[in-house]
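> The structure that follows is given in the form of structure tokens.
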Amino acid sequence: MYPLTILLFLGIALIPFGMPVYTFNHYLNGIYKYERKEIKGGKCAVPFDEYYTKEKWKETMQQLKLVYDSLPTNEKQNCIIWGKHYAQVGAISLFRADYNLPKAFSFHGSFYTWTPTGKMPETIIALSYQVGDFFQPYFEEVIPVKTIYNPYSGTEEELYQIIYICKKPRQNFDKIKELFKSRIFE
């Protein structure tokens with residue numbers, strides 16, 4: 001019985017190092033000082049994005065709203081948002097009503113199953129982490145319009161999110177879905 005008590009105590013003592021149970025500020029000021037901080041360009045590398053996602057997604061939604069509101073009325077009517085990563089589309093799906101944003105889709109992960117069909121709208125707002133020219137093959141025009149910095153990112157790839165305005169699609173949803181059928185975890 002005694003060794004079980006020790007294991008239980010150790011398990012409870014190590015919980016803050018293995019899962020996000022503290023507030024973000026308490027984590028930064030207490031637990032974080034013992035973590036590795038090796039992300040180039042980042043303020044710090046927080047390993048559990050659950051600590052900072054509330055702020056991260058709030059900023060992302062605000063920036064998406066600015067981009068969406070900047071579109072002419074005729075482009076807004078059919079505009080949707082393409083999130084490169086399923087987490088981005090999940091956040092947009094959760095918070096879009098609060099920011100009056102259009103629906104979002106993704107060919108990443110399980111969101112692949114629910115992509116639209118038929119003709120793509122002439123204007124799509126796209127959101128990605130740092131992935132180079134990912135959207136370029138699918139549109140005639142891809143214009144980066146906003147960069148969102150995340151100083152707490154745990155990876156270099158997620159240090160920045162980039163918002164694009166993409167126009168004049170080169171294919172319809174059905175064709176692009178076929179192109180992504182073996183790339184859903186890319």
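> Using the structure shown, decide if Y129 is of a type in the set (F, W, Y), over 13 Å from the mean Cα position of the chain (by Cα) and under 22 Å from E59 (Cα atoms).
It is false that Y129 is of a type in the set (F, W, Y), over 13 Å from the mean Cα position of the chain (by Cα) and under 22 Å from E59 (Cα atoms).
> Restricting attention to segment 122-136, which residues are surrounded by fewer than 18 Cβ atoms within 10 Å (Cβ to Cβ) and closer than 14 Å to F173 by Cα?
E122 - this is the single residue of segment 122-136 that is surrounded by fewer than 18 Cβ atoms within 10 Å (Cβ to Cβ) and closer than 14 Å to F173 by Cα.
For (1) over 18 Å from S182 (Cα atoms); (2) modelled with pLDDT of 95 or more; (3) among the hydroxyl-bearing types (S, T, Y), each residue gets a yes or a no:
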residue	(1), (2), (3)
F111	no, no, no
K119	yes, yes, no
I124	yes, yes, no
E141	yes, yes, no
Q161	yes, no, no
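> How many of the residues making up segment 94-109 are crowded, with 19+ Cβ neighbours inside 10 Å and either of a type in the set (S, T, Y) or assigned to a strand (DSSP E or B) (or both)?
3
> If I ask for residues that are surrounded by fewer than 19 Cβ atoms within 10 Å (Cβ to Cβ), in a helix (DSSP H, G or I) and at pLDDT 95 or above, which ones from segment 68-92 would you list?
Scanning segment 68-92 gives D69, S70, T73, N74, E75, K76.
> Next question, about the same structure. Has segment 145-153 got at least one residue that is at pLDDT 95 or above, in the same structural domain as I92 (by TED's automatic domain parsing), surrounded by fewer than 20 Cβ atoms within 10 Å (Cβ to Cβ) and in contact with a Lys or Arg (Cβ under 9 Å, 6 or more places away or on another chain)?
no
> Also, I was wondering about something else. When the residues of segment 130-186 are narrowed to those that are of a type in the set (D, E, K, R), touching a residue at least 12 places away in the same chain (Cβ under 8 Å) and part of a helix (DSSP H, G or I), which ends up nearest to Q88 (Cα to Cα)?
Across segment 130-186, the extreme among qualifying residues is E158.
The values are calculated or read from the model by the stated rules, or taken from the named source; none is laboratory data. In this text, all values refer to a predicted model and were calculated from it rather than measured experimentally. Cβ: placed from backbone, ideal geometry, glycine included. Neighbour counts: every protein chain shown.
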